Amino acid sequence: MNVARIGIGQLCSSSNLKQNLEVVKSLIKKALDQDVKVLFFPEATDYLSRNAEHSKKLASQTPEFISELQSAICQLTKAAGKPIDISIGIHMPPSEVNTKNGDSRVKNVLLYINSNGEILQKYQKLHLFDVDVPNGPILKESNSVQPGSEIPSIINTPVGKLGSCICYDIRFPELSLKLRSKGAQILCFPSAFTMKTGEAHWELLGRARAIDTQSFVVMPAQQGEHDVYADEKPSDESAVKRISWGHSMIIDPWGRILSAADLTTHDPQLIIADLDIEAQDKIRRDMPLWAQRRRDIFGDFV
């Protein structure tokens, strides 16, 4: 049987990048012990910030976070005598060109790093979470984050062909459909969902994208109340609370949940599932959605 083992590292990132990196390394070690081939971490694993200005400040530390992570992957795989690839959500500071053009916003990026510590892909989040509810919450990710402009290429991984997305991308099925058309067998949606939207739609969206594309869907999530003062505690700022929904899960192409986070703990945890690629192939053969798409009506965008 063609089975591939993957894992999710669920955690609650703070504003202290060094502390977060230690949690990441401990989860990678546990995953290696469990023979995980690819380990997926959430959006913003490097840090969660208090506000836009704080995020810009912390993003300047992310290159060091990435460099240390690359070294750690090499050291841990060498010590374990086996490989592991890492998908991890981070922030990148603006480029010199961005800054010269007056755009100091950070970039919300998903990295794919192989077991040799090499970065194979940098996907920049396409859809930004901008919500302005009358007499309700106002959330403007675009105030602090630059939107991406490119659909990512498919990555050939040790567990199958991977299509990369980030969080809010999950609400736009055309991206998932496009990635399936490009050959994806697995889609990942690393996220930091809010409590309200998570309770309402997290599982529903994941299962919908799995069924839409007949793909495995991997949903690594930030979970719990983030310590956004872990780097420093300014005395002149009112307290900011950031809480993420969690509920990391792995879903199969039939929409079934293969594995999910333990809801009784707030500690970092490893969620594991074995992906049956042969079973996926059978689902796609028995229900040949891609052969039946009405491209004569809708065009060939998928």
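The values are calculated or read from the model by the stated rules, or taken from the named source; none is laboratory data. The structure presented is a predicted model; accordingly, all values stated were derived computationally and were not measured. Note: ideal-geometry Cβ built from the backbone for every residue, glycine included; neighbour counts use all protein chains shown. Side chains are part of the model used for accessible areas, which takes the heavy atoms of the whole protein and leaves out ligands, DNA and RNA. Shrake-Rupley method; radii C 1.70, N 1.55, O 1.52, S 1.80 Å.
DSSP beta bridges confined to the chain are antiparallel in about 70 percent of cases.
If you take all other residues with their beta carbon under 9 Å from the beta carbon of Gly148, and give Lys and Arg +1 and Asp and Glu -1, the sum is +1. Projecting the Cα atoms of Ile271, Met287, Gly255 onto the dipole axis of segment 182-300, where Lys and Arg carry +1 and Asp and Glu carry -1 at the beta carbon, places Met287 farthest toward the positive end.
Volume of the convex hull of segment 109-226 (Cα atoms only), normalised per residue: 129 Å³. Where [x] 6, 28, 36, 22, 7, 1, 0; [y] 7, 30, 39, 21, 3, 0; [z] 6, 25, 30, 21, 13, 4, 1, 0 are the candidate values, the label of the one calculated here for P(r) over Cα pairs in 10 Å bins from 0, in percent is [x]. Binning the C-alpha pair distances of segment 185-248 at 10 Å intervals from 0 yields a P(r) profile of 21, 38, 23, 12, 5, 0 %, listed from the shortest bin outward. Coupling constants for segment 212-218 follow from the phi torsions by the Karplus curve (6.51 cos²θ - 1.76 cosθ + 1.60, θ = phi - 60°), and in residue order they are 3, 10, 6, 10, 6, 10, 10 Hz; glycine and proline get x.
Taking label positions 7 Å along the Cα-Cβ direction at both Ile151 and Asp274, the computed distance is 3.4 nm, reported to one decimal. A simple count of charges around Trp202, restricted to other residues whose Cβ falls under 14 Å of its Cβ and scoring Lys, Arg +1 and Asp, Glu -1, yields 0. Computed over segment 101-176, the alpha-carbon pair-distance distribution with 10 angstrom bins reads 17, 40, 29, 11, 3, 0, each value a whole percent. Work from the charge dipole of the chain (Cβ charges, +1 for Lys and Arg, -1 for Asp and Glu, about the Cα centre) and give the residue of Pro83, Ile154, Cys12 farthest towards its positive end. It is Ile154. Counting only protein heavy atoms and using a 1.4 Å probe, the accessible area of Asp212 comes to about 50 Å². Cβ-Cβ distance of Glu232 and Val131, R₀ of 41 Å, FRET efficiency by 1/(1 + (r/R0)^6): the value works out to about 0.90.
Name the GluC sites (Glu not before Pro) in segment 224-296 that are in a loop by DSSP and that have at most 16 other C-beta atoms within 10 Å, would you? In loop regions of segment 224-296 (DSSP not H, G, I, E or B), the sparsely surrounded GluC sites (Glu not before Pro) are Glu232, Glu237.
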